[in-house]
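Enquirer: There's a structure below that I have some questions on.
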Amino acid sequence: MLKIQQEFGSFSNYCWRFVNQKPLRNGFRYARQVPVKTPKAELMSKDLMQRGFRCVGPTAVYSFMQVAGFVNDHLQACFRYKECNAEVKKNFKPRSEETEMVTEASGNTCVSHDRTISLRP
C-alpha cells in the first residue's frame, strides 16, 4: 500500500486510473445482466496481485469498484441510478484527500478518516 501511495500519490489515484478518472455508467434493466467481473476489474486485479496484494481476484475487485463508486451498476429503474449519473455530469473530480490513507510508523496501522485498520495478521 505504501509503495502505491508513493508512486501514485494515493490509493484513490491508483484506482481511478483504471476507469479513466470518472465512474463507469452501466445501463442494466435486470439484475441478471449485472456481471460479476469485467475486463477492467481483471486488469486491476492482476496489477494488485503483481504488487503483492492477496485475495484480490476479479470478482472481489469488481465488488470493490461498485461499492467505491467506480462503477454505477444500479438498475435503470432504481432511483440511485439517476442520482449517480447526475453526479457524474457535474464537473466530476475524485477527492483523493478523503480516501488517502496515512500510515503510522509506530503502530503499523493505517488510518482512514475515523477508522483504524491493523496491518498485522
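The values are calculated or read from the model by the stated rules, or taken from the named source; none is laboratory data. Since we're looking at a predicted model, the values are computed, not measured. Neighbour counts run over all protein chains shown; Cβ positions are idealised from the backbone, glycine included.
Enquirer: Would you pick out the residues in segment 76-89 that are in contact with a Lys or Arg (Cβ under 8 Å, 6 or more places away or on another chain) and in a helix (DSSP H, G or I)?
Expert: Going through segment 76-89, the residues in contact with a Lys or Arg (Cβ under 8 Å, 6 or more places away or on another chain) turn out to be 76-77, 84-85, 88.
Residues satisfying the conditions are C84, N85, V88.
Enquirer: May I ask you to list the residues in segment 53-80 that are out of contact with any Cys (no Cβ under 9 Å at 6 or more places or on another chain), under 16 Å from L24 (Cα atoms) and not hydrophobic (A, V, I, L, M, F, W, C)?
Expert: Y62, S63, Q66, D73, Q76, R80
Enquirer: Among what's in segment 17-75 and is in a loop (DSSP other than H, G, I, E, B) and of a type in the set (A, V, I, L, M), pick the residue that is farthest from Q5 (Cα to Cα).
Expert: L75
Enquirer: Then there's this: Just the residues that are over 14 Å from F70 (Cβ atoms), buried (at least 17 other Cβ atoms within 10 Å of the Cβ) and at pLDDT 95 or above, please, taken from segment 1-33.
Expert: I4, Q5, S10
Enquirer: What's the number of the condition V36 fails, among (1) surrounded by fewer than 14 Cβ atoms within 10 Å (Cβ to Cβ); (2) touching a Cys at 6+ places or on another chain (Cβ under 9 Å); (3) aliphatic (A, V, I, L, M)?
Expert: (2)
Enquirer: Please go through segment 6-39 and pick out each residue that is farther than 14 Å from N72 by Cα and in contact with a Phe, Trp or Tyr (Cβ under 6 Å, 6 or more places away or on another chain).
Expert: Listed by number, the residues that qualify are F8, Y14.
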